[in-house]
Amino acid sequence: MQPLIIGDKTFQSRLFLGTGKFGSGRQMEEAVLASKSELVTVALKRIDMETDTDSLLSYLQHSHINLLPNTSGARNAKEAVFAAQLAREALETNWLKLEIHPDPKYLMPDAIETLKATEELAKQGFIILPYIHADPVLCKRLEDAGTSAVMPLGSPIGTNKGLKTVDFLEIIIEQSRVPVIVDAGIGAPSHAAMAMEMGADAVLVNTAIAVAGNPKLMAEAFKEAVIAGRKAFEAKLAGTLTSAAASSPLTSFLYD
Amino acid sequence: MTTFKDVFEKYDWDTIQSKILAITSHEVECSLARPKRDIEDFLTLISPAALPYLEQMARMSRAITQKRFGKTIQMYAPMYLSNECQNICTYCGFSLDNKLKRKTLTDSEIVKETEAIKSAGFDHVLLVTGEANQIVNINYFLNAIHLIKDKFANISIEVQPLSVEEYVNLHKTGVYSVLVYQETYHRDVYKQYHPKGKKSNFDFRLETPDRVGKAGIHKIGLGVLLGLEDWRTDSFFNALHLDYLQKQYWQSKYSVSFPRLRPAEGIIEPNFIMDDKDMVQLICAYRLWNEDLEISISTRENEKFRDNIISLGATSMSAGSKTNPGGYVVDTQSLEQFETSDERSAQQVANVISEAGYEPVWKDWDKIYTSS
């Protein structure tokens, strides 16, 4: 399996995890370890920067785990840029998952503000992974603005509905010069496998693991699904046919 | 400009009440089977006909809450700044006609209370006052917020209704959330419970969440005082209010609280008793109707109820609360708004939450988003 390269980092695992919604820090740590993920996202707003021993971060102190701070809570580019600077200082990383959702109900990403923030943060040297709609044109605009990857949603965040945006994801994957990470909506290992088979470079999963009856076991299931999907992509899937091949009834006259 | 009053006036209390009582079990089953539920489904699910479906509602509520909020409970503490009040509210300990000594915290007292709340582990605080515009007004609030804003990640406020400009000021100073309860949506009954003071103006209060929304406040908290009137009809109007606000001020989050009338110094007994079954039904109905609504459970409720509601739809809880100004350290015997029922410490409650398989979350906001 090919490794994944984003910015200055190389990943063996193509499964990224979110750290919210778990019943305890211990449970989150077990799931992250079982997933073999090397990149986990943490909300800046959840981190207590006043104390040296933040409880959330203490569970993520493993040498193979890279932190990807996110700007969840930001409603516009200005707030996101402030949050990014604070995160860089607090977590000593210039990696950033850019999330700008002015709509707290469905947490729909704001394309205009996300593009603005990406332009600004790229100038400031951030490795930016923006959470966006599955909008192929926006992806190209973000590339031009200096993004390091794109994170289109599969379906509304937290819904576990799978790849409702599949037609647009296909276009994005086809056109992209930067890694495509399918984020949000992946509710089952089969969804993750499907995204990987399509050629997504990675997937990010949170709710489906955190809220599962057994988060650790579900994390393993996702790990295996992502590997299976990626291998299938690299092996090149045999094409599917919609009908059985008849013996050239329309053109047979040419050979009479 | 449209406000909730325009929506509210299209409805009639008695018609809604009759409609709730006429709901059939078939209608309840239809509502439960729908993948997405609207305000009519909420009405159905708070009806007496839905009570036999409580276990199913609870299971659904748990699953929906976990999907949206995960297995987490946000922790917060109230800080009462003043019990001065120019209103007569016949159910409230702070009522003007309650002839007891009043207290308003000074700067140094606010700092001391802050230290006590912080040392219990809290990072989210709710500032509460009565309504005494001469002493406890916007200038007092802004000063208090300046005093504490570097100490807390998240500041909410529950004070008298203010103007849009004042809410804008609070927003800019770092207030995340404003809570304002209508108490009851029954116009005539409201008058009886609030005979004197600025609060007696029903419409001004009814339009307050509109002003909060216009000011761009991140979260708006609503509720009715359960016990003043028929909880079912009142809760329908509260949900209608939320439904309107969510569409109108789409960038704000919404929360609902469930203050059940509790004994307080010099007050009347509740007119309508709401038992625990009713309360669980109401909480589950809110969740089944509105997946994103934050549901807050205070220490008015007793230990047993609170311990069991953790996994049924609650998303935030106060703990170790004092409902009097200076109650944590400064003046522990001052006049309180109501008696708390769950008197366990914050840490004890956090342990109970953990034992239930949930994570008590102390910080889930950063002041960078409210003061940038």
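The values are calculated or read from the model by the stated rules, or taken from the named source; none is laboratory data. Just so it is clear, the structure is predicted and the values come from calculations on it, not from any experiment. Here Cβ is always computed from backbone atoms with ideal geometry, including for glycine, and neighbour counts include all displayed protein chains.
Just a few scattered comments:
- With respect to the conditions (1) within 14 Å of another protein chain (Cβ to nearest Cβ); (2) in a helix (DSSP H, G or I); (3) surrounded by 22 or more Cβ atoms within 10 Å (Cβ to Cβ), B:Ile73 lacks only one, and its number is (2).
- The C-beta contact set for segment A:39-50 (first residue more than 7 Å from every other protein chain (Cβ to nearest Cβ) and in a strand (DSSP E or B), second residue surrounded by fewer than 20 Cβ atoms within 10 Å (Cβ to Cβ) and of a type in the set (Phe, Trp, Tyr), distance under 8 angstrom, 6+ apart or interchain) comprises A:Leu39/A:Phe11.
Results for (1) more than 23 Å from B:Gly121 (Cβ to Cβ); (2) surrounded by 18 or more Cβ atoms within 10 Å (Cβ to Cβ); (3) modelled with pLDDT under 95, shown as yes or no for each residue.
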position: A:Ser55; (1), (2), (3): no, no, yes
position: A:Thr71; (1), (2), (3): yes, yes, no
position: A:Ala77; (1), (2), (3): yes, yes, no
position: A:Ala90; (1), (2), (3): no, no, yes
position: A:Leu98; (1), (2), (3): yes, yes, no
position: A:His101; (1), (2), (3): yes, yes, yes
position: A:Asp110; (1), (2), (3): yes, yes, no
position: A:Leu121; (1), (2), (3): yes, yes, no
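- Qualifying residues in segment B:206-220 (those that are of a type outside the set (Val, Ile, Thr) and closer than 17 Å to B:Thr370 by Cα) - the one farthest from the other protein chains (Cβ to nearest Cβ): B:Lys214
- Residue within segment B:161-175 that is under 21 Å from the mean Cα position of the chain (by Cα), closer than 20 Å to B:Lys322 by Cβ and either aliphatic (A, V, I, L, M) or crowded, with 19+ Cβ neighbours inside 10 Å (or both) present: no
- Test: residue in segment B:340-351 that is of a type in the set (Asp, Glu) and away from chain A (no Cβ under 14 Å): yes
- B:Tyr185 vs. criteria touching a residue at least 40 places away in the same chain (Cβ under 8 Å) and buried (at least 23 other Cβ atoms within 10 Å of the Cβ): yes
- Note on segment B:191-210: residues that are under 18 Å from B:Leu240 (Cα atoms) and among the aromatic types (Phe, Trp, Tyr) total 2.
- Per the listing B:Ile110, B:Ile157, B:Ile145, B:Ile117, the residue uniquely in contact (Cβ under 8 Å) with a residue 24 or more places away in the chain, in contact with a Leu (Cβ under 6 Å, 6 or more places away or on another chain) and assigned to a helix (DSSP H, G or I) is B:Ile110.
- Every residue from segment A:180-224 that is crowded, with 21+ Cβ neighbours inside 10 Å, more than 14 Å from chain B (Cβ to nearest Cβ) and either β-branched (Val, Ile, Thr) or more than 25 Å from B:Lys71 (Cβ to Cβ) (or both): A:Val180, A:Ile181, A:Val182, A:Ala193, A:Met194, A:Ala195, A:Met196, A:Ala200, A:Asp201, A:Ala202, A:Val203
- Assessment of segment B:171-186 against the conditions (part of a helix (DSSP H, G or I), touching a helix residue (DSSP H, G or I) at 6+ places or on another chain (Cβ under 9 Å) and either of a type outside the set (D, E, K, R) or over 23 Å from A:Asp103 (Cβ atoms) (or both)) yields at least one matching residue.
- Filter result (part of a loop (DSSP other than H, G, I, E, B), closer than 24 Å to B:Cys30 by Cβ and among the charged types (D, E, K, R)) within segment B:285-323: B:Glu291, B:Asp292
- Qualifying residue in segment A:182-200 (condition: farther than 21 Å from A:Pro3 by Cβ, in contact with a Leu (Cβ under 9 Å, 6 or more places away or on another chain) and in a helix (DSSP H, G or I)): yes
- Checked against the criterion of being closer than 27 Å to A:Ser35 by Cβ, out of contact with any Asp or Glu (no Cβ under 6 Å at 6 or more places or on another chain) and among the hydroxyl-bearing types (Ser, Thr, Tyr), segment A:189-197 contains one or more residues that satisfy it.
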